[in-house]
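Below is one structure, written out as structure tokens; the observations come after it.
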Amino acid sequence: MVVGDPSRTAAILAVMAGAAERREELRAVFEQARACERCPQLAGTRTTVVFGSGAVDASLLFIGEAPGAHEDATGIPFAGQAGKLLDTLLGEIGLRRRDVYVTNVLKCRPPGNRDPLPQEIAACQEYLFRQLELVEPRVVCTLGNFATRLLRGEPAGITRLHGREEVRQIGPRVVRLYPLFHPAAALYTPALLATLRADFLRIPSLLALPAPEQAPPPVEVEPVLAADDGQLGLF
């Protein structure tokens, strides 16, 4: 295929148009989140909604727990020291922050950096699932205990699961789920840094694997009007 080939040009334009459409749809979801008041305490104490950042068509997506003080001030996920370590680790595998997509389970900072409450998780889940649906990542890295347990729906912790990938349905999308220690944990416990770095080094090989097959959409059965009695039935 040579430069200037019409078919190649058409393919490039289609990719660009798709990315632009995703960006607009993500922006619409962000506007919904920015006006969200489903959690009165979070809505009343946040400085800004920290929605997500990065490539709208990224193959690799990171999910943390919730914004902290730096994120609440800037509106950018992983904006503090943990974010700098994340950038360093990405650089070591040939990626930059703009090549991936980064978000959190919660889009608002819990007061005092407390753990998210179950009702807050439930209220915010729709935004996270829409991000997964629109970005369409092949590999999703959960960062730390909280995000890992939440998305897997099981109590097993990060110490047991880190570095062990599995194909799993997360909301609307089937992904290769890859739990990692949270970068903040490596900052507080330097012995974890070598483990985190070793787990990161496996990411390129996971990205090289075929994309997980998506589950077929559910079949909608429309009720049929029964001819004999005028009642709705499924026959």
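The values are calculated or read from the model by the stated rules, or taken from the named source; none is laboratory data. Keep in mind the model is a prediction, meaning the values are calculated, not measured. Positions of Cβ are generated from backbone atoms using ideal geometry, with glycine treated the same way; all protein chains shown enter the neighbour counts.
Applying the criterion of being among the aliphatic types (A, V, I, L, M) and farther than 20 Å from T148 by Cα to the residues of the range 48-57, the residue that is surrounded by the most Cβ atoms within 10 Å (Cβ to Cβ) is V49. If I ask for residues that are among the hydrophobic types (A, V, I, L, M, F, W, C) and either surrounded by 15 or more Cβ atoms within 10 Å (Cβ to Cβ) or closer than 15 Å to R202 by Cβ (or both), which ones from the range 155-166 would you list? Passing the criteria: I158, L161.
Among the residues of the range 168-201, those that are in a loop (DSSP other than H, G, I, E, B), surrounded by fewer than 20 Cβ atoms within 10 Å (Cβ to Cβ) and under 14 Å from the mean Cα position of the chain (by Cα) comprise G171, P172. In the range 73-88, which residues are crowded, with 20+ Cβ neighbours inside 10 Å and in a helix (DSSP H, G or I)? Hits for the range 73-88 are A82, G83, L86. Within this structure, R152 passes the test of being of a type in the set (D, E, K, R) and surrounded by fewer than 20 Cβ atoms within 10 Å (Cβ to Cβ). Within the range 170-184, being out of contact with any Pro (no Cβ under 9 Å at 6 or more places or on another chain) and either hydrophobic (A, V, I, L, M, F, W, C) or at pLDDT below 95 (or both) holds for I170, G171, P172, L177, L180, F181, A184.
Every condition in (1) within 22 Å of A82 (Cα to Cα); (2) loosely packed, with under 14 Cβ neighbours inside 10 Å; (3) charged (D, E, K, R); (4) modelled with pLDDT of 95 or more is met by R114 except one, and the failing one is (4). On inspection, V100 fails the criterion of being surrounded by 20 or more Cβ atoms within 10 Å (Cβ to Cβ), at pLDDT 95 or above, farther than 27 Å from T189 by Cα and not polar (S, T, N, Q).
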